[in-house]
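What follows is a single structure, written as structure tokens, with notes after it.
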Amino acid sequence: MVWPDDKVHIMNEDYLRYSDLNLAEAKEIQNELREKISLKPNTKPIQTIAGADISLNRFSEIIFAGIVILRYSDLQPIAYSMVESKTSFPYIPGFLAFREVPALVQALKQIPVQPDVFMIDGHGIAHPRRMGIAAHFGALTGTVTMGCAKNILFGKWQEPGIQKGDYSLIINKEETIGYAFRSKFKTNPVFISPGNGMSLADSLDIAIRCAGNYRLPEPTRRAHEFVNLFRTGKLKEGYHELSPQLLF
DNA sequence: GCGACAG
DNA sequence: ATCTTGTCGC
């Protein structure tokens, strides 16, 4: 696991914390972490892909983080990791990672065998400083990541065709930073961008492969589903593998 | 100065 | 993000 170097990141025991940071300091961290990301094509073959998401009760300081691991061949969930944590940063557009990444890192640490790719709810490099939550998480942990957001944050884009699989580019000054991807027929697109350890083309290829019968690609959809079950007390905290017999 | 603004 | 019923469209 790759940890950031200086005092701007406060670590107690095994907990990463972002607290009492002003936005100027947060930007500094993003600029430092940005140098650690790679957007070169992923080489390792993908056997498993994880979806990562956060859930919380309104007005609550408690956040629930979940990572669900799916078999890449059939996109069936095979394991999940759930963690209950506390908020240490408010939600500010452009700084989502400071609010959600600490809890996701805790969930990551509970997983014995790391997934090959992580699809995270939010943007990758489709961000003002190219450091959306997926890029941030990837740079911090050395994992291969991509972002899948339900809404645009930064960049210009055109409505893609209405067919499942249609896509258009998210652009910022001549530079392509992601895609508006139609994951389902006649449904609003999702916004795809690489985070770390993969290329723009890789992120699009993976999004296409993970598109099922819902707007959200399977990894993100399952993560959202599972973490909500966890928040409402229907799943237990910790790492759990799913019984093969219950899967079909 | 004004509008936009992931979850 | 979350709280929620109906409702419109395929």
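The values are calculated or read from the model by the stated rules, or taken from the named source; none is laboratory data. Just so it is clear, the model here is predicted, and its values are computed rather than measured. Quick reminder, even Gly has a Cβ in these numbers, built from the backbone with ideal geometry, and neighbours come from all protein chains shown. Just so you know, the surface numbers come from the protein's heavy atoms only, side chains and all, with ligands and any DNA or RNA stripped out. Shrake-Rupley method; radii C 1.70, N 1.55, O 1.52, S 1.80 Å.
Of the trypsin sites (Lys or Arg not before Pro) found in region A:39-119, those in coil by DSSP whose Cβ has at most 16 other Cβ atoms within 10 Å are A:R58.
Sorted on the mean count of surrounding Cβ atoms within 10 Å across their residues, most packed first, peptides A:36-43, A:189-196 read A:189-196, A:36-43. Highest mean first, the peptides A:136-144, A:159-167 sorted by other C-beta atoms within 10 Å per residue fall in the order A:136-144, A:159-167. The portion of the accessible surface of region A:29-234 made up by carbon and sulfur, rounded to a whole percent, is 52 (1.4 Å probe; DNA, RNA and ligands excluded). Distance between the C-alpha centers of region A:17-48 and region A:89-154? Whole Å please. Region A:17-48 and region A:89-154 have Cα centres spaced 8 Å from each other. Taking amide hydrogens as placed 1.01 Å from N in the peptide plane, the amide H of A:Y15 sits under 5 Å from that of no residue at least 5 positions away in sequence or on another chain. Accessible surface area normalised per residue over chain A is 47 Å², counting heavy atoms of protein chains with a 1.4 Å rolling probe. Here the ratio of the Cα radius of gyration of chain A to 2.2 N^0.38 Å is 0.95. DSSP bridge analysis restricted to chain A gives an antiparallel fraction near 85%, rounded to the nearest 5. For region A:29-234, relative contact order (Cα pairs under 8 Å, six or more residues apart, normalised by length) works out to 24 percent.
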